[in-house]
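Below is one structure, written out as structure tokens, with a few remarks after it.
The values are calculated or read from the model by the stated rules, or taken from the named source; none is laboratory data. Remember, it's a predicted structure, so these values are computed and weren't measured experimentally. FYI the Cβ positions are ideal-geometry reconstructions off the backbone, even for glycines, and counts take in every protein chain you see.
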Amino acid sequence: MFMSKLIGRGGPDSLSPALRLDLQRLRKVVSGLGDRKLALRLFWHRNDPAEQLRLINHYLGERLAEASARERRAIAKLFPGGDDMLPAEIRSVAGTPPEANLMLDAGCAALGKTMPDNDVEAIIADLRTKPVLLGHVPDAATGQAESIHLVGPESNYACYDFLDLWSSPGLVRFAAQDRFIDLAQAYLGCTPTLYSINAFWSFPKRAPHKASQVFHRDWEDYRSLALFTQLTPVDVPEDGAHYYVETSNDVARFERTLTGRGIASNEIEALSIRDETVIAPLAMKLFRDNAHRFDGPAGQSFCTDGYGLHRAEVPRDRPRLLLWLRFGSFFNDTLYTMKIGKWNAAAASRVLASIPGTPRHQYVFRYMIHALTAGLQHRPEVNSMRSVAG
């Protein structure tokens, strides 16, 4: 499985210090769930910490896939207690950004201009030399094109191999800002886990993608914060604006709000299920004109809880490039990987060097670090090691 390939197998020294701390934290979290089967499996692998960590992450992902909205919320409350297992130098925040209150209140917040124009231009210029993968995320790609200009009309999206993206000038340093990590921690209630850095193009003149360009919910974590940065301008909504239904991240509060508006109980219930074919038309009817809209110049950022109802506008005339940083409470390997498809040892070393060396950053970026170091510890020129690197 991916996680065992990522972190290695066997022996007391098979985990890095950051991942060993993660295992201690997650063991405390799952102890609150009282699952005897999981406890037995962990006991049988008591001498294999890497397998224990894989088992817990995978278990949390599988349990999330079966959870109701209320169960998801209840389990989310267990993660802050797990931080007791982390040293103060990892869990202590530099400060609480003002946008944290907006996130806690509405589930979304505008962050303003967070990336200077020169940095945006440098990233765009670098990515222009890289091939694209035909998909929203690398793992879902159905092919490759040498540039976005060669992407056919059947593709709504294109993205980049992780190492091609991560090695863009200044990108990882941008992701490592204390402001972003502090914001994620204030919202999550626990030290965040960075589980995805991705950038994707959305193409104009397409029918809306049935899963992501209509109203939907993301069920990828028990609580998460996605930070988006526009790498191309969204001058008008038709350029590819993002829409978010405020307070829809909080099930109980959202239900009270909708009840107060006179929305029928069966419609309220339908908005919390996992079926986009039900959610999308209903949410469009109810929130087409009052969802919060995010757009603006290149370099502008906003953040959301992906569980809340949201959608992206299909660009009308020109492609839109959007960068995301996703922070959550664990690494859900049932949905996400950091699989590096095209290995380059020099690029991997540069990316590693750009991650700050503080204990906090090394912990928040721990899965990305291991995706990179695992490849460097093997023969990087051999393509068969791609899985180990990712």
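A few comments on the model shown:
- Residues in region 347-390 that are modelled with pLDDT of 95 or more and either of a type in the set (Lys, Arg) or more than 15 Å from Leu163 (Cα to Cα) (or both): Arg350, Pro356, Gly357, Thr358, Pro359, Arg360, His361, Gln362, Tyr363, Val364, Arg366.
- Among the residues listed as Glu89, Glu71, the single one being within 23 Å of Asp305 (Cα to Cα), of a type in the set (Asp, Glu) and surrounded by fewer than 20 Cβ atoms within 10 Å (Cβ to Cβ): Glu71
- Residue match in region 160-170 (condition: under 30 Å from Gly375 (Cα atoms), more than 20 Å from the chain's Cα centre (by Cα) and either crowded, with 16+ Cβ neighbours inside 10 Å or of a type outside the set (D, E, K, R) (or both)): yes
- Taken together, Ala199, Ala207, Ala211, Ala298 contain a single residue that is in contact (Cβ under 8 Å) with a residue 60 or more places away in the chain and not in a loop (DSSP other than H, G, I, E, B), which is Ala199.
- Residue in region 221-229 that is in contact (Cβ under 8 Å) with a residue 40 or more places away in the chain and more than 30 Å from His361 (Cβ to Cβ) present: no
- Residue match in region 28-38 (condition: free of Cβ contacts under 8 Å to residues at least 24 places away in the same chain, polar (S, T, N, Q) and outside the structural domain of Thr373 (by TED's automatic domain parsing)): no
- Among the candidates Arg326, Arg360, Arg350, Arg256, the residue that is under 18 Å from the mean Cα position of the chain (by Cα) and of a type in the set (D, E, K, R) is uniquely Arg326.
- Some residue of region 96-110 being touching a strand residue (DSSP E or B) at 6+ places or on another chain (Cβ under 7 Å), closer than 15 Å to Leu321 by Cβ and in a loop (DSSP other than H, G, I, E, B): no
- Some residue of region 10-30 being of a type in the set (Asp, Glu) and at pLDDT below 95: yes
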